[in-house]
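Shown next, in structure tokens, is the structure this report addresses.
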Amino acid sequence: MKKVLYRHLFSKVLGFSLLLFSVSFYAQEEASADVAAGGDPVKGKQLFNQNCAACHALDRKMTGPALANVESRLSEDEGLDKEWLYTWIKNSPGMIKSGDAYANKIYAEYNQAAMTAFPTLSNQDIDDILAYTAAPPPAPAVPAATAAATGTGESEGGISNEMILGALALVFGLLVVMLILVNNTLRRIAEANGVDLEKDKAEKGLPIWKAFVKNQFLVLVSAIFLLLASGYFAYGWMMQVGVDQGYAPVQPIHYSHKIHAGDNKIECKYCHSSARVSKTSGIPSLNVCMNCHKSIYEYKGNPEGPSAEDLANGYTNEFYTGEIKKLYKAVGWDEEEQRYTGESQPVEWVRIHNLPDFAYFNHSQHVSVAGIECQTCHGPVEEMEIMEQYAPLTMGWCVNCHRETNVKMEGNEYYAAIHAELSKKYGVEELTAAMMGGMECGKCHY
């Protein structure tokens, strides 16, 4: 009988494969258990942004201390374990009252600003946040190089612009040579047939300007036309005196309405709060800016990065961060110590909208009483990188608005009595601002 070697080979291989599979399976389970025990940095980032980012950053002091590697630092420097962090995050005021040494040290170091307690966070949530603070920072994204930046000047097919221009120049040169040859051939044919190509040497007529001067009717009509045209253009020029539509001055600190009112949806009246109750909308104080920028110390931009238009205009993330630093310098804010130094500097903002002194305009009358949106007069400010004067702000522009705009009566008791009387007088349900006295000279002029 022939001896069969390796007759148990299949069973051995199968058993070895099952052994490897089981080892790898248990290794994956252990790795998953380690991740669960140590926390998920992806979930931790979301929790950090929701609960911690208003007062903390990873790599710098803000209202509270920097939190990068906070677990390992507290363990090495202070001998505090994770249980201490659980208790501190869930009930920091209680730890301060209990007399905990390090809790009171942090409380005193940060000007006795009590940390908000987060009793709803579970231990696993805190583990996720700690995993995020311990994770290495992501590498900065490198923007894709464009064809203009590389300077190759090649089209998608690989043909350079210089080659295309050279081919066009060659074709143009051949056309010129062909025209010269055709011209010479035609001249030789004409000479052979006895055709005289010399110009007519007969006496020329009068110059056109002499003929025009001798025609008195044309002179009179032309003079009247020039006078009327001059008057029209002079009137148009004078009507533009003092009209600054499109005026967009450069400000000492660049402020992007597109980012604040557009991307971040900040209401206009949050900064220009006096527009509700005052004649003027007012310039917001720098303290209003610092309500947010105490925590927002750099501009991180949109997730997809700056647009090509922004890059062409120099509006990079670094540019906007530099403008925040100008704000800090003006208000006297020390980033490292997180306190005001008292060494402030005035910001000389350049006024954009400026009515003549004899024209009266009340913001509260239009904003609070009439309920007119800011964009009606100021245009789509949420799309403006640099604020400009959108409307002409002329008398005719205001008068047309008063003629066309109906007075808002829903929930507006300010005009209730006069609206009832005027509705009977005019026999209409809705009244325009002009019907309610908006055309009277004394309404806008002192």
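The values are calculated or read from the model by the stated rules, or taken from the named source; none is laboratory data. Source: prediction; values computed, not measured. Glycine gets a Cβ as well: all are built from the backbone with ideal geometry, and neighbour counts include every protein chain shown. Side chains included, ligands, DNA and RNA excluded: accessible areas come from the protein's heavy atoms. Shrake-Rupley method; radii C 1.70, N 1.55, O 1.52, S 1.80 Å.
For every residue, the table says whether it meets (1) surrounded by 14 or more Cβ atoms within 10 Å (Cβ to Cβ); (2) modelled with pLDDT of 90 or more; (3) within 41 Å of the chain's Cα centre (by Cα).
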{"residue": "L393", "(1), (2), (3)": "yes, yes, yes"}
{"residue": "E410", "(1), (2), (3)": "no, no, yes"}
{"residue": "E413", "(1), (2), (3)": "no, no, yes"}
{"residue": "S423", "(1), (2), (3)": "yes, no, no"}
{"residue": "L431", "(1), (2), (3)": "yes, no, yes"}
{"residue": "Y446", "(1), (2), (3)": "no, no, yes"}
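Look at (1) farther than 20 Å from L58 by Cα; (2) open to solvent by 60 Å² or more (accessible area, probe 1.4 Å); (3) not polar (S, T, N, Q) and you find that D100 fails only one, number (2). Testing C398 on (1) touching a residue at least 12 places away in the same chain (Cβ under 8 Å); (2) over 30 Å from A57 (Cα atoms); (3) open to solvent by 80 Å² or more (accessible area, probe 1.4 Å), one condition comes back false. Which one is that? Single failed check for C398: (3). Restricting attention to segment 433-444 and to residues that are open to solvent by 50 Å² or more (accessible area, probe 1.4 Å) and of a type in the set (A, V, I, L, M), the residue that is nearest to the chain's Cα centre (by Cα) turns out to be M439.
Taking the options I253, I283, name whichever one is in contact with a Lys or Arg (Cβ under 6 Å, 6 or more places away or on another chain) and either assigned to a loop (DSSP other than H, G, I, E, B) or at pLDDT 95 or above (or both). Explain how you work it out, then say what you get.
On the way: I283 fails: in contact with a Lys or Arg (Cβ under 6 Å, 6 or more places away or on another chain).
Exactly one of I253, I283 is in contact with a Lys or Arg (Cβ under 6 Å, 6 or more places away or on another chain) and either assigned to a loop (DSSP other than H, G, I, E, B) or at pLDDT 95 or above (or both), namely I253.
When you scan segment 192-199, do you find a residue that is farther than 30 Å from M395 by Cα, open to solvent by 80 Å² or more (accessible area, probe 1.4 Å), at pLDDT 80 or above and not hydroxyl-bearing (S, T, Y), even just one? Yes, there is a match, as at least one residue in segment 192-199 is farther than 30 Å from M395 by Cα, open to solvent by 80 Å² or more (accessible area, probe 1.4 Å), at pLDDT 80 or above and not hydroxyl-bearing (S, T, Y).
Within segment 241-256, does at least one residue satisfy the condition of being more than 22 Å from C55 (Cα to Cα), free of Cβ contacts under 8 Å to residues at least 12 places away in the same chain and not charged (D, E, K, R)? If you could, list the steps in order and put the result at the bottom.
Within segment 241-256, the first condition is being more than 22 Å from C55 (Cα to Cα), and the residues that meet it are 241-256.
Filter again for free of Cβ contacts under 8 Å to residues at least 12 places away in the same chain, leaving 241.
Within this subset, residues satisfying the condition of being not charged (D, E, K, R) are 241.
Looking through segment 241-256, at least one residue is more than 22 Å from C55 (Cα to Cα), free of Cβ contacts under 8 Å to residues at least 12 places away in the same chain and not charged (D, E, K, R).
Filter segment 256-279 for residues that are assigned to a loop (DSSP other than H, G, I, E, B) and either open to solvent by less than 70 Å² (accessible area, probe 1.4 Å) or touching a Lys or Arg at 6+ places or on another chain (Cβ under 8 Å) (or both); which is nearest to L327 (Cα to Cα)? It would help to see each step written out before you state the result.
So in segment 256-279, the residues assigned to a loop (DSSP other than H, G, I, E, B) come out as 256, 264-267, 272, 277-279.
Those still in the list that are either open to solvent by less than 70 Å² (accessible area, probe 1.4 Å) or touching a Lys or Arg at 6+ places or on another chain (Cβ under 8 Å) (or both) too: 256, 266, 272, 278.
Details: S256: 13, I266: 18, H272: 18, S278: 26 Å.
Ranking the candidates gives S256 first.
Pairs meeting the criteria (first residue in segment 92-107 and over 16 Å from D77 (Cβ atoms) and touching a residue at least 24 places away in the same chain (Cβ under 8 Å), second residue outside any loop (DSSP other than H, G, I, E, B) and aliphatic (A, V, I, L, M), beta carbons under 8 Å, at least 6 apart or on different chains) are S92/A103.
Every test in (1) touching a His at 6+ places or on another chain (Cβ under 7 Å); (2) at negative phi is passed by P207 save one, and that test is (1).
Of all residues in segment 106-136, those satisfying the criterion of being surrounded by 11 or more Cβ atoms within 10 Å (Cβ to Cβ), of a type outside the set (D, E) and in a helix (DSSP H, G or I) are I106, Y107, N123, Q124, I126, I129, L130, A131, Y132, T133, A134. Within segment 357-377, the set of residues being assigned to a helix (DSSP H, G or I) and without any contact (Cβ under 8 Å) to a residue 40 or more places away in the chain comprises Q365, H366, Q375, T376, C377.
Conditions (1) open to solvent by less than 40 Å² (accessible area, probe 1.4 Å); (2) of a type in the set (D, E); (3) within 30 Å of M409 (Cα to Cα), marked per residue:
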| site | (1), (2), (3) |
| --- | --- |
| T321 | yes, no, no |
| G332 | yes, no, no |
| Y340 | no, no, no |
| E343 | no, yes, no |
| E348 | no, yes, no |
| P356 | no, no, no |
| A370 | yes, no, yes |
| Q375 | no, no, yes |
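May I ask you to verify whether M95 is modelled with pLDDT under 85 and assigned to a helix (DSSP H, G or I)? Considered against the rule, which asks whether it is modelled with pLDDT under 85 and assigned to a helix (DSSP H, G or I), M95 comes out as no. Please work out if T87 is in a helix (DSSP H, G or I) and either β-branched (V, I, T) or open to solvent by 60 Å² or more (accessible area, probe 1.4 Å) (or both). Answer is yes for this residue.
A quick yes/no check of all residues on (1) open to solvent by 40 Å² or more (accessible area, probe 1.4 Å); (2) within 19 Å of H293 (Cα to Cα); (3) touching a Gly at 6+ places or on another chain (Cβ under 7 Å); (4) of a type in the set (K, R):
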position	(1), (2), (3), (4)
L47	no, no, no, no
C55	yes, yes, yes, no
G64	no, yes, no, no
E71	yes, no, no, no
